[in-house]
Amino acid sequence: MKSQSAIYSDREFEYYFSNCQQTSSLPPVVFIHGILSSGQLFTHHMMPYFDPLGFTTYSLTLRGHGSHSGKPSSQPFQDHIDDVATFIEFVSLQEQKPVVVVGYSLGGLIAQHVCLREELSSKLAGLALMASVPPQGFSQLNQAMWFDHPALSMVLGQVMAMPNLALLNPYYRHVLMDALFATKPSQQQLDSLLSELKAEDLRLFLQPHPIAVNSPLNFPVLVVGGKEDKLVPASQVQATADFYGVEPVFFSPMGHAMPIEKEVTKFAAHLANWCRTL
């Protein structure tokens, strides 16, 4: 699946697109990736699973990730919020339907901010958060990681700053893979994960970027996580679910790399069934 480019409302987008090739009343699905990845992450399993079920899917590459040529401003987190919000408008216009947004990891926190925008309320059918940074933002997540997995916290910082160099270190590679995968990853999984690896803009993480308390959404929210996830552990998934007043759904064995984990089909089936109810 090749990436596509589009310019809408003076913003340039790079994204992956899969058209179900049939008339369908199902909502289009927009995937938003997390750190150290791109929109390509969802092309390996998630989008091919949804296509024959009658879903049209999009997977956006955030600026500064993958092969996106766009450069962040002095406020990279706000850039992502504005870009995703505009992309949702673009998809809603293309499909003439409200959109389901699926935010993964960092993409989950971005999606939560985007979904608060009143001008998008009529364009959104639902929000699914997978292994998402909780509404309390980065500070709570980082604190939990420091206490529970201090070595992982150190390694993750090095990998985000210098991914290709840091992962030459066998210890760093082992610690990161152990956090991302519930069982030893296959070479195919590693290739899927590392194919578009680029350094993160560390300014993203200088502020917690929390969601304001009492910020209800007027559409359904799904919260899912992996029981073996060390980056966004079960306690943080539960915190997200509590914030939105829903019950979380956990999958096992599954680490943080949910879109390419070996049990991804079980998660994809659950997400698709939920989307059918919207």
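Quick notes
- From the C-alpha gyration tensor of segment 4-276, square roots of 5λ in Å: 26, 20, 20
- Part-to-part distance (alpha-carbon centres) for segment 219-278 and segment 36-76, which is given in Å: 19
- The charge dipole of segment 154-278, taken about its Cα centre with unit charges on the Cβ of Lys, Arg, Asp and Glu (plus for the first two, minus for the last two), comes to roughly 100 debye.
- Phi angles across segment 7-17 convert, under the Karplus curve 6.51 cos²θ - 1.76 cosθ + 1.60 with θ = phi - 60°, into 3J(HN,Hα) values of 10, 9, 6, 6, 10, 9, 10, 10, 7, 10, 9 Hz, Gly and Pro given as x.
- Qualifying lysines (Cα of each under 29 Å from Cα of LYS97; at least 8 residues distant if same chain): LYS2, LYS123, LYS266
- Karplus-based coupling profile of segment 207-219, in residue order and whole Hz: 10, x, 6, x, 8, 4, 4, 6, 10, x, 10, 9, 8, with θ = phi - 60° in 6.51 cos²θ - 1.76 cosθ + 1.60 and x standing for Gly or Pro.
- Scaling the Cα radius of gyration of segment 122-255 by the globular reference 2.2 N^0.38 Å produces a ratio of 1.13.
- Estimated [θ] at 222 nm from DSSP helical runs (n ≥ 4, -39500 (n - 2.57)) normalised by residues in the chain, nearest 500: -11000 deg cm²/dmol
- Computed FRET value (nearest 0.05) for TYR171 with ARG117, which takes r as the C-beta separation and R₀ as 35 Å: 0.25
- Per-residue Cβ neighbour rank within 10 angstrom, fewest leading, CYS20, CYS275: CYS20, CYS275
- Taken about its Cα centre, the chain carries a charge dipole of about 320 debye when Lys and Arg each add +1 at the Cβ and Asp and Glu each add -1 at the Cβ.
- Summing Cβ point charges (Lys, Arg +1; Asp, Glu -1) relative to the Cα centre of segment 61-166 gives a dipole of roughly 140 debye.
- Selected from GLN188, PHE87, PHE243, residue furthest toward positive end of dipole (the chain; charges at beta carbon): GLN188
- Once the Cα-Cα distance is subtracted from the 0.36 nm per residue extended length, the ASN218 to ARG276 segment shows a gain of 19.1 nm.
- Residues GLN96 and GLU247, FRET efficiency given R0 of 22 Å [Cβ-Cβ distance, rounded to 0.05]: 0.10
- Taking LYS2, LYS97 and counting other C-beta atoms within 10 Å, the order from fewest to most: LYS2, LYS97
- THR56, THR23, THR43, THR183 arranged by Cβ crowding within 10 Å, fewest neighbours leading: THR23, THR183, THR43, THR56
- Amide H to amide H, with H built 1.01 Å from N, LEU124 comes under 5 Å of VAL99, counting only residues 5 or more places away or on other chains.
Coordinate-derived values only; no laboratory data. Note that the structure is a prediction, hence the values are computed from the model and not measured. Every residue, glycine among them, receives a Cβ derived from its backbone with ideal geometry; neighbour counts consider all protein chains shown.
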